[in-house]
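The values are calculated or read from the model by the stated rules, or taken from the named source; none is laboratory data. As the structure is a computational prediction, the values presented were derived from the model and not from experiment. A quick note on method: Cβ atoms are made from the backbone with ideal geometry, for glycine too, and the neighbour counts reach across all protein chains shown.
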């Protein structure tokens, strides 16, 4: 059977979409066929042998990400599934100390489908591209120096996780 992997993502300002693209490229470099698509556009996951899904943390996974999980729960449970999240909290001073607590945001996902692997990556904070409500919400922590603006994605960490994920996605498919 030829493996075809879906990397599905939800994203508000593009940070998680960029991580999904990097995951897809790394998986494809290993010889796998990969589609990288926004969750909102996905109707069916049956033609994929494995799925990787990701969302930024905005008080939990984005609503459309959780809807994707609920809608495709049965199909995802029958194939290797991995999950990732992006969160600007990891870019804070001492942000790694929050990693375990941030993992709780995957609990609703785990309740639907058990991931073969999961990871949390720092994201991007660019006030200029945020929707007005998010800009207001994040402006004060940025001004106070709590959340640093900029791109904090660790591309090497993303590539390493993706490469390590490859055998997990094809082992049981």
### Task
Considering each of 108, 115 in turn, give the residue that is touching a residue at least 40 places away in the same chain (Cβ under 8 Å), touching a helix residue (DSSP H, G or I) at 6+ places or on another chain (Cβ under 8 Å) and either part of a helix (DSSP H, G or I) or closer than 20 Å to residue 11 by Cβ (or both).
108
### Task
Provide a single number: the residues in segment 139-165 that are in contact (Cβ under 8 Å) with a residue 40 or more places away in the chain, in contact with a helix residue (DSSP H, G or I) (Cβ under 9 Å, 6 or more places away or on another chain) and part of a helix (DSSP H, G or I).
7
#### Entry: Test set (1) without any contact (Cβ under 8 Å) to a residue 12 or more places away in the chain; (2) in a loop (DSSP other than H, G, I, E, B) - residue 96 fails condition number
(2)
### Query
If residue 20 passes every condition in (1) out of contact with any strand residue (DSSP E or B) (no Cβ under 8 Å at 6 or more places or on another chain); (2) in a helix (DSSP H, G or I) but one, which one does it miss?
(1)
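Out of 55, 11, I need the residue that is surrounded by 15 or more Cβ atoms within 10 Å (Cβ to Cβ), touching a helix residue (DSSP H, G or I) at 6+ places or on another chain (Cβ under 6 Å), in a loop (DSSP other than H, G, I, E, B) and touching a residue at least 40 places away in the same chain (Cβ under 8 Å). Which one?
Only one candidate qualifies: 11.
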### Among the residues listed as 156, 149, the single one being farther than 30 Å from residue 77 by Cβ and in contact with a strand residue (DSSP E or B) (Cβ under 7 Å, 6 or more places away or on another chain)
149
### Exclusive hit being buried (at least 18 other Cβ atoms within 10 Å of the Cβ) and in contact (Cβ under 8 Å) with a residue 12 or more places away in the chain, set 130, 32
32
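Residue-by-condition table, conditions (1) in contact with a helix residue (DSSP H, G or I) (Cβ under 6 Å, 6 or more places away or on another chain); (2) at pLDDT 95 or above:
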{"position": "25", "(1), (2)": "no, yes"}
{"position": "32", "(1), (2)": "no, no"}
{"position": "35", "(1), (2)": "no, yes"}
{"position": "59", "(1), (2)": "no, no"}
{"position": "66", "(1), (2)": "no, yes"}
{"position": "71", "(1), (2)": "no, yes"}
{"position": "74", "(1), (2)": "no, yes"}
{"position": "80", "(1), (2)": "yes, yes"}
{"position": "95", "(1), (2)": "yes, no"}
